[in-house]
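Asker: Below: one structure in structure tokens.
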Amino acid sequence: MKKENTYNQEINEEEKVFAGEGCPSNEGTPCDNVAEEAQQATDNVAEPTDEEPLVEPEHSDEKEEEQIDWRDKYIRLQAEFDNFRKRTLREKMDLIQTGGSDVLKAILPVLDDMQRAIEASERSEDIAALREGERLVEKKFIDTLRQKNVVEIEAKGELFDENLHEAVARFAAGEENKGKVIDVIQRGYKLGDKVLRFAKVVVGE
């Protein structure tokens with residue numbers, strides 16, 4: 001029993017030492033050493049500061065190179081589009097200026113025939129021959145237009161169509177001709193499905 005009390009007393013003494021109680025007043029005692037070591041451990045703990053350097057994200061150089069690459073691609077694409085736009089505009093202007101050259105070349109032979117017919121009419125008194133020559137010139141001119149996909153709009157006897165015809169007058173022509181073209185004042189023509197000139201007609205009522 002006495003040994004047990006002595007053991008408990010030693011344990012209590014140690015607890016008082018660690019708690020800072022019952023330490024001798026002399027410096028350099030184990031109690032003081034323990035307190036100093038605890039203070040040093042506390043001082044060595046680094047406090048957070050606002051001046052700590054920021055950690056740069058990984059692969060920042062790769063991202064920057066990728067951005068530069070995309071910027072270069074965008075600049076090149078923009079330059080290519082600008083060149084394409086200028087080239088298209090230039091080709092369009094050339095087409096407007098020279099697009100009708102083929103048609104004009106095809107018409108020139110018809111003009112030659114007309115001039116020869118006029119010269120022949122001044123020297124000849126054969127009316128029948130002159131009329132036949134005029135019909136040949138007209139036929140050649142119509143054939144030339146057909147080669148260029150230009151055709152005459154059918155009008156006389158047809159029902160009036162505002163998409164093809166232009167009514168310049170209306171006359172009473174009986175019930176059977178009501179709404180029909182009874183006369184053509186000026187012939188109309190189409191280039192493919194596009195109307196080049198509306199046919200000016202007289203419509204029956």
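The numbers here are math on the coordinates, done by the rules we state, and not lab data. Since the model is a prediction, treat every value here as computed from it, not as a measurement. Neighbour counts run over all protein chains shown; Cβ positions are idealised from the backbone, glycine included.
Asker: Give the shape of segment 46-205 as rounded, prolate or oblate, defined through the alpha-carbon gyration tensor: a ≥ b ≥ c are the square roots of its eigenvalues, a/c under 1.5 means rounded, and otherwise the shape is prolate if a/b is larger than b/c and oblate if not.
Answerer: oblate
Asker: Residues with beta-carbon under 11 Å from that of Lys178, excluding Lys178: net charge, scoring Lys, Arg +1 and Asp, Glu -1?
Answerer: Result for the local shell: -1.
Asker: Continuing with the same structure: Can you list residues from other chains, or at least 5 along the same chain, whose modelled amide H is less than 5 Å from the amide H of Glu158?
Answerer: Val181
Asker: Next up: Starting at the first residue of segment 182-188, write each ³J(HN,Hα) from the Karplus equation 6.51 cos²θ - 1.76 cosθ + 1.60 with θ = phi - 60°, in whole Hz, x for Gly and Pro.
Answerer: Coupling constants for segment 182-188: 9, 7, 10, 7, 9, 6, x Hz.
Asker: Which of the residue pairs Lys92/Lys139; Lys156/Lys178; Lys105/Lys148 have a Cα-Cα distance greater than 22 Å in the structure shown?
Answerer: Those over the limit are Lys92/Lys139.
Asker: Could you run the Karplus curve 6.51 cos²θ - 1.76 cosθ + 1.60 with θ = phi - 60° over segment 161-174 and give me ³J(HN,Hα) per residue in whole Hz, x for Gly and Pro?
Answerer: Coupling constants for segment 161-174: 10, 5, 7, 10, 10, 10, 6, 9, 7, 9, 9, 6, 10, x Hz.
Asker: Quote to one decimal, in nm, the extra length available between Leu196 and Met114 on full extension: 0.36 nm per residue of separation minus the C-alpha distance between them.
Answerer: Gain on extension, Leu196 to Met114, equals 27.2 nm.
Asker: Which shape class, rounded, prolate or oblate, goes with segment 84-148 when its Cα gyration tensor gives a ≥ b ≥ c as root eigenvalues, a/c under 1.5 marks rounded, and past that a/b bigger than b/c marks prolate?
Answerer: prolate
Asker: At 7 Å along Cα-to-Cβ for each site, give me the label-to-label distance between Glu152 and Val168 in nm.
Answerer: Distance between the two pseudo-spin positions: 1.6 nm.
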